[in-house]
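Working notes, beginning with the structure itself.
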Amino acid sequence: MRAQIMALDQSSRNASDGTSVMQTADGALNETHSMLQRIRELCVQAATDTMTTSDKEACQQEIEALQEEIDRIATDTEFNGKRILDGSQDYRVYPSVDGELAGTYIRNFQTSDEVSAEDYKFSITQVPEQAQIDAFEVVPGTAGTVEINGCSVEILDTDTSDDIYKKLQEAAELGGVKVEQNGTDQYKLTSFEYGKSAKISAIALDGTETTAEGKNTEINMVRDTDQKKNPDGSGMEDADGNPVLYGEGFSGTATYLSDGKKVTIRDLNGFKMVFEIDPEMDMNHVLDGVNPDPANPQKVDVDLEVTDIGSMTLQIGAHENQVVDVRIPAVTCESLYIDDLNVVRKGGADKAIAALDDAIAQVSEVRSRIGAYQNRLEYATGSLDETEENMEAAISRIMDTDMAEEMSTYSNMNVLDQAAISVLTQANDMPQQVLQLLQ
């Protein structure tokens, strides 16, 4: 009992330390929240056309400075030397393709508490693509106006190919488009962004308009009720001929939504998994073979291992396995999907506002999770203190003397002792008295 009492006292201190961790994280996230609100304010300011390009560039400079500070807070917020906002206190997720880790191009995972530690599988059937126009022609010697995503540029009949290239680059950058020379008098236009929201509208000198649109990521999820496959593609069966099911992974009610490189998978009971598929980071060109053509479909199979490694474990009991696992996800610009905001580009402020709304909601969700942990730990501290007090009272009843009871027993025994002595004394006097009468 003494060992349990001492352990309960230490567990109470552990829970109090855990509460301090939550308070430290929430205090840092309060500043992150404030900076996100300020960035959103700047984006709203830059969204109006009363702002000049120079004004928007000034807003962009402040936004980038605030982004750096958000990342600094995420990497430098510590408790007892442990970083708590960089994702190191959250579950580890390991994606792999054909047995090779794919964390460089399938990355930036965010999972809710309802995502259990098990294996998940899906196939990439469409890689996210940028909008692209391969041959946009501007011939020197012709004067006129070229327009790229609403950004106009005047072409003079005296402009050389180099002059035209420079002018197109400046205009296209404001429109969110990258320009590359693609042969004589032809240029390749590629959007900076990925997905269906990435669009290019280019109007040539003769007034001809060419448009292009990007593509979102598309995946096929393997359900827990799907049959496992043999290496030859046939369905796997057991010895009795029954189909062998995966038994883990996504359920039959899971759905996904993609926006460019970002994929969000949701299911019942709060299941949520968010990650990013980035072809630019695919150095080994694993994703190059993906082909969604129904006549010749090609896909990439991804094994996703979600582990319970990484969460902060707090010992809040007197015995083994009496713990609470605390998960604090990363709160960086990358994990919030606001690392590529640009309010100088055409329509960039509007897209930034939408992204910041999602980021603010995500930080609010993280803070609510931290608040729930803090409340639980505070109740745990109270429970442990009360249990320790009751244990101390129990051991006191066993080990300590009850003075009132002992004094009562002492007095009773003393009276009985004195009475016995008195009776014995009288018994000894009786023979003496008889002898005196006989004399």
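Assorted remarks:
- Condition check for SER112: surrounded by fewer than 17 Cβ atoms within 10 Å (Cβ to Cβ), touching a residue at least 12 places away in the same chain (Cβ under 8 Å), under 18 Å from PHE275 (Cβ atoms) and not assigned by TED's automatic domain parsing to the domain that holds GLY150: no
- Scanning the stretch 230-282 for residues that are surrounded by fewer than 13 Cβ atoms within 10 Å (Cβ to Cβ) and in a strand (DSSP E or B) returns GLY235, PRO243, THR255, LEU257.
- Residues (assigned to a helix (DSSP H, G or I), touching a residue at least 40 places away in the same chain (Cβ under 8 Å) and either in contact with a Pro (Cβ under 8 Å, 6 or more places away or on another chain) or among the hydrophobic types (A, V, I, L, M, F, W, C) (or both)) located in the stretch 342-368: ALA349, ALA352, ILE353, LEU356, ALA359, ILE360, VAL363, VAL366
Every residue, every condition in (1) modelled with pLDDT under 95; (2) in contact with a helix residue (DSSP H, G or I) (Cβ under 8 Å, 6 or more places away or on another chain); (3) not aromatic (Phe, Trp, Tyr), yes or no:
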site	(1), (2), (3)
ILE39	no, yes, yes
THR48	yes, no, yes
THR52	yes, no, yes
LYS56	yes, yes, yes
GLY103	yes, no, yes
ARG107	yes, yes, yes
THR142	yes, no, yes
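- On inspection, VAL153 qualifies as among the aliphatic types (A, V, I, L, M), at pLDDT below 95 and touching a Lys or Arg at 6+ places or on another chain (Cβ under 6 Å).
- Restricting attention to the stretch 357-388 and to residues that are acidic (Asp, Glu) and surrounded by fewer than 18 Cβ atoms within 10 Å (Cβ to Cβ), the residue that is farthest from ALA7 (Cα to Cα) turns out to be ASP357.
- Residues satisfying the stated conditions in the stretch 188-207, i.e. surrounded by 18 or more Cβ atoms within 10 Å (Cβ to Cβ) and of a type in the set (Asp, Glu): GLU193
- Scanning the stretch 399-423 for residues that are aliphatic (A, V, I, L, M) and closer than 30 Å to ARG2 by Cβ gives MET399, MET403, ALA404, MET407.
- Filter result for the condition that a residue is over 30 Å from THR381 (Cβ atoms), assigned to a helix (DSSP H, G or I), over 21 Å from the mean Cα position of the chain (by Cα) and of a type in the set (Gly, Ala, Ser), over ALA65, ALA15: ALA65
- Where a residue in the stretch 173-200 is in a loop (DSSP other than H, G, I, E, B) and its partner, wherever it lies, is among the aliphatic types (A, V, I, L, M), with Cβ under 7 Å and at least six apart: GLY175/ILE148; ASN182/ALA135; ASP185/VAL138; ASP185/VAL139; ALA198/ALA131
- Qualifying residue in the stretch 327-338 (condition: over 30 Å from GLY150 (Cβ atoms), of a type in the set (A, V, I, L, M) and without any contact (Cβ under 8 Å) to a residue 60 or more places away in the chain): no
- Test result for GLU334, touching a helix residue (DSSP H, G or I) at 6+ places or on another chain (Cβ under 9 Å), surrounded by fewer than 19 Cβ atoms within 10 Å (Cβ to Cβ) and closer than 30 Å to ASP98 by Cα: yes
- Residues that are of a type in the set (D, E, K, R) and surrounded by fewer than 16 Cβ atoms within 10 Å (Cβ to Cβ), drawn from the stretch 35-52: ARG38, GLU41, ASP49
The values are calculated or read from the model by the stated rules, or taken from the named source; none is laboratory data. Since we're looking at a predicted model, the values are computed, not measured. Don't worry about glycine lacking a Cβ; one is built from the backbone with ideal geometry, like all the others, and counts go over all protein chains shown.
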